[in-house]
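For reference, the structure discussed in these notes is given below.
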Amino acid sequence: MYELLKRAAYPRSSAYDPVWLMTNMMGPCSVWLTEALTADVALAPDLHVVDLGCGKAMSSIFLAREFGVRVTAVDPWISADENEARIADAGLSGIVDAVHADARAYVPPDGGVDGLVSVDAFHYFAQEPGALDVLTDPVKKGGQVAVVVPGLREDGWPTHLAGHWQESFWTFKSVEWWKQLFNGAPGLRVDRVTTVDWGLSEDWISWADACDQWADSVGRQPYELEAAMLRADSQRSLVFVMLNATRL
Ligand SMILES: C[S@@+](CC[C@H](N)C(=O)[O-])C[C@H]1O[C@@H](n2cnc3c(N)ncnc32)[C@H](O)[C@@H]1O
């Protein structure tokens, strides 16, 4: 499992404790996605970033540890107390703050925040008409918006994945769909839309295999479904869509 989680494509993330990654995961490797998403974003210690749908705050901890930024970690499923304990364990109390809230109800400090990051969560709350404007409103003019979501290379039902499809996958939209959503937001200038290959990418297969090995080692039933789905996809449909934009 340790070897599977040391990836050349993610040098910063490779320094993180694999057991910590496994214990706190809520989906495909959150710190890998955060590392890819922020590769070209200027992050400096005096900036304040909001992390919407942070889950167990792994991306928030990564941002604070790697770049020294102050982070507000917002999530409605994980309590603020639970995340504060994890943040304290990481030695980042006072630099990362946990807020228990729906992303659309987040109230920023006066003057707003310098940036918005969201990892593997925006597809749950940004798709309704008008939601993107509400979500990006807290970002100061000139601030960065950086979002990564699971999605599909192209529109349309991937029939080769029918046997692997799960209910929540209705939220998976195409690269073009996300591009149009962001291009249609009057308050944003889209700087970059790219993808992280998911299906049959060596990294993601390794992640899925590591999850199964870890489950086995702690006496849980290996999940296996994700690895099988990635292998069945062979990079045809499944991607992570990365969107970088500037608040106008
Ligand atoms: C797949 S998990 C990813 C969590 C985390 N970002 C990560 O990568 O480990 C999706 C997250 O979206 C969050 N979420 C769902 N609906 C939300 C909403 N309306 N506002 C904020 N977060 C939401 C959930 O609480 C959950 O933590």
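Amide H to amide H, with H built 1.01 Å from N, V99 comes under 5 Å of A73, V74, D75, counting only residues 5 or more places away or on other chains. The alpha-carbon atoms of the range 1-65, seen along their principal axes, cover 36, 24, 16 angstrom, with the largest extent given first.
Let me spell out the model: positive unit charges on the Cβ of Lys and Arg, negative unit charges on the Cβ of Asp and Glu, origin at the Cα centre of the chain. What dipole size does that give, in debye rounded to 20? Provide the component values of the computation, followed by the final result.
Numbers: 19 positive and 34 negative charges, 110 e Å.
Value, rounded to 20: 520 debye.
With the helix formula -39500 (n - 2.57) applied to DSSP H stretches of n ≥ 4, the chain reaches a computed 222 nm mean residue ellipticity of -9000 deg cm²/dmol. Under Stokes-Einstein, with the Kirkwood radius over Cα pairs as Rh, the value for the range 13-247 at 4 °C and 1.567 mPa s is 71 µm²/s.
In a shell of Cβ-Cβ distance under 9 Å around E66, excluding E66 itself, what net charge do Lys and Arg (+1) and Asp and Glu (-1) give? Combined, the nearby Lys, Arg, Asp and Glu give +1.
Counting only C-alpha contacts under 8 Å and six or more residues apart, can you give the relative contact order of the range 114-248 as a whole percent?
Values: 226 pairs, mean separation 47.8, N = 135.
Result for the range 114-248 is 35 percent.
Quick note: the coordinates plus some simple rules give every number you see, no bench work behind them. These figures come from a predicted structure and were not determined experimentally. Because the Cβ atoms are built from the backbone with ideal geometry, glycine has one as well, and the counts that use them run over all protein chains shown.
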